């Protein structure tokens, strides 16, 4: 017989599953959010980013192609926001080394936008870690037909506290 505390915990876990709520740092079994990553077969940093997503509980499918730029164009990634890999998750485009925490926030808030981007390859961003080199501070940009804005600011894979007057 289950104790009331065990029943309550089981009910909370079951209630969290359909909403994709992270439990203990990862998704509950069977509830992982699928993300499809398109990358060049010769790119090594993309594999580091994929590992970052998997560690956060995403179900990652990798598609390797030498024509990643065609995929970016098809998905509407502005050239000035381009990075080395492009992903698709629940109707959004994820461009570059976007931290899993920002993707999870995007999926929870569901803003009217095309997606998120981290232009270039900031040192210390997920997949771009370099031993002995401090991580850079960088912006995660929300983009779409209505324009662009800073969605979040990170140092490495850690979101920085927002200051008064920011867009969040």
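Summary of values
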| quantity | calculated |
| --- | --- |
| Filter pass, residue 28 being surrounded by fewer than 17 Cβ atoms within 10 Å (Cβ to Cβ), farther than 18 Å from residue 82 by Cα and modelled with pLDDT under 95 | no |
| One residue from 50, 77 being touching a strand residue (DSSP E or B) at 6+ places or on another chain (Cβ under 9 Å), touching a residue at least 40 places away in the same chain (Cβ under 8 Å), crowded, with 18+ Cβ neighbours inside 10 Å and under 19 Å from residue 141 (Cβ atoms) | 77 |
| Any hit, region 102-111, residues being free of Cβ contacts under 8 Å to residues at least 24 places away in the same chain and either touching a helix residue (DSSP H, G or I) at 6+ places or on another chain (Cβ under 7 Å) or part of a loop (DSSP other than H, G, I, E, B) (or both) | yes |
| Residue match in region 123-141 (condition: touching a residue at least 24 places away in the same chain (Cβ under 8 Å), out of contact with any helix residue (DSSP H, G or I) (no Cβ under 9 Å at 6 or more places or on another chain), assigned to a loop (DSSP other than H, G, I, E, B) and within 20 Å of residue 55 (Cα to Cα)) | yes |
| The listed residue being surrounded by fewer than 21 Cβ atoms within 10 Å (Cβ to Cβ), within 16 Å of the chain's Cα centre (by Cα) and in contact (Cβ under 8 Å) with a residue 60 or more places away in the chain, out of 159, 88, 61 | 159 |
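The values are calculated or read from the model by the stated rules, or taken from the named source; none is laboratory data. The structure presented is a predicted model; accordingly, all values stated were derived computationally and were not measured. Using ideal geometry, Cβ is built from the backbone for each residue, glycine included, and neighbour counts are taken over all protein chains shown.
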